[in-house]
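Taken together, the values in this text are just the output of simple stated rules run on the coordinates, not laboratory data. In this text, all values refer to a predicted model and were calculated from it rather than measured experimentally. Here Cβ is always computed from backbone atoms with ideal geometry, including for glycine, and neighbour counts include all displayed protein chains.
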Amino acid sequence: MDIDRYIAVNQPAWLRLQELTVRAQRSVADIPPVELDELIQLYQRVSAQLSHARTYYGDRHLTSRLTQLVAGARVVIYTRRGRALDTARRFFTEAFPGAVWTSRRFVLASAVLFFGPTVAVGVWLSNSQEALRVAIPQEAQDLIVESQFEDYYSTFSADGFAAMITFNNIWVSFLAITGGILLGAGSIFFLVYNGLQIGAMAAVMHAGGAADAFWGLIIPHGLLELSAITIAGGAGLRMGWAIIAPGDRSRVESLAEAALRAVAIAIGLTIVFLVAALIEAFVTPSDLPTFLRIGIGVAFEMAFLSYLVVYGKRAEASGAAEALGRRRPRSWADEPTVTLAPLPQRRLRHPDQPRPAATPQAPQPPPR
């Protein structure tokens, strides 16, 4: 079945699902039980049609619209208002990982902007003593290697240090995200600048023969902390791109959607930064063997990445990720994305089942 015929046949069901969803969003109590059952059946039917459209048609506009319909109906069906615990559960299983997962290309770009300069300047300064002395005076290098770097992790009490680090990391992520408003330039500057700082510090410690101490102190908390900063930078880059290339929406609408996703990411990263700060305050400066401290950092990092991938994919597949930041979809009749063939609209018992090749004669009803 070609895409025009597919839309013509199924559009009545889509419009009906949209109508019931809008009414349920206003007040579920005013909808008769029969229509609630119809809403659930249409949700299941359109969900299957969304999968079919993704597999066989690959039309971006059609997929986007069906995703919005399914996501809107899903919110109405599964949302239980007034339950804070359930809201928190859905945030950490859908909204946060879904926002990160759908921003994965921007997070990848953020990682390149962050770690690219880190590696480049670290390798360059490590192999050029003259450049290293120009960048950081020898007296400052000696002070960093001998005491300053290690003392940083034990100067304050553990609980006070954790609070200070948490606040600092939240502030850093805020700058990385809001920098995207400047067409992404602010986020890019922040990522590159901090990457250069880390690379320079690594070069100083390597040149001073303290590479083991550097990596033993950085890795336990740094894996989780730097991953979170990279994600925050990706959210900022997505906001900048929403302004540069809004697609078929206005720049205000595109930026608003990206900003709502960025807010979800910022809230979720607050917990990540808290965990990283606790590791930095209680594990990094501890007397545990280096391999054990590094193992703890690696374990938390792998758990975090696995959580984002598993729940992010699940949120994207269910439509929950697309629902975040989306306006209620406008009527299909008001904004068609594909020209419909002039065929009579009718209901099929199995709308996804292929039909024989069309003939000039009027279409026959499917066998019962």
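The table below gives the values:
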quantity: Ordering of 42-54, 89-101, 298-310 by packing [mean C-beta count within 10 Å, highest first]; calculated: 89-101, 42-54, 298-310
quantity: Of A235, S254, F161, farthest towards positive along the dipole that unit charges on Lys, Arg, Asp, Glu beta carbons give the stretch 103-286; calculated: S254
quantity: Convex hull volume per residue for the stretch 103-286, taking Cα atoms only, in Å³; calculated: 106 Å³
quantity: Shape call, the stretch 52-189: gyration tensor on alpha carbons, a/c limit 1.5; calculated: oblate
quantity: Length added when fully stretched, D37-D2, from 0.36 nm per residue minus Cα-Cα; calculated: 9.6 nm
quantity: Gain in span if fully extended, D159 to A48, counting 0.36 nm per residue against the direct Cα distance; calculated: 34.8 nm
quantity: Ratio Rg/Rh [Cα only; Rh per Kirkwood] for the stretch 3-89; calculated: 1.02
quantity: Alpha-carbon centroids, the stretch 248-280 and the stretch 48-68: separation in whole Å; calculated: 27 Å
quantity: Modelled FRET efficiency - R0 45 Å, N168 with T55, Cβ distances, 0.05 increments; calculated: 0.45
quantity: Degrees between helix 290-318 axis and first principal axis of the chain (Cα, 0 to 90, nearest 10); calculated: 20 degrees
quantity: Mean-position separation - Cα centroids, the stretch 93-151 and the stretch 204-247, in angstrom; calculated: 7 Å
quantity: Nitroxide proxy distance, nm - points 7 Å out along Cα→Cβ at Q11 and V298; calculated: 5.8 nm
quantity: Cα shape, the stretch 100-178, gyration tensor, a/c 1.5 rule; calculated: oblate
quantity: Order by protection proxy (mean Cβ within 10 Å, highest first), peptides 154-167, 25-38; calculated: 154-167, 25-38
quantity: Descending semi-axes in Å of the chain, equivalent ellipsoid built from Cα gyration tensor; calculated: 52, 22, 17
quantity: Around D59: net Lys/Arg minus Asp/Glu count, Cβ-Cβ under 14 Å; calculated: +1
quantity: Potential lengthening between Y193 and S27 on full extension [0.36 nm per residue; Cα-Cα distance subtracted]; calculated: 54.7 nm
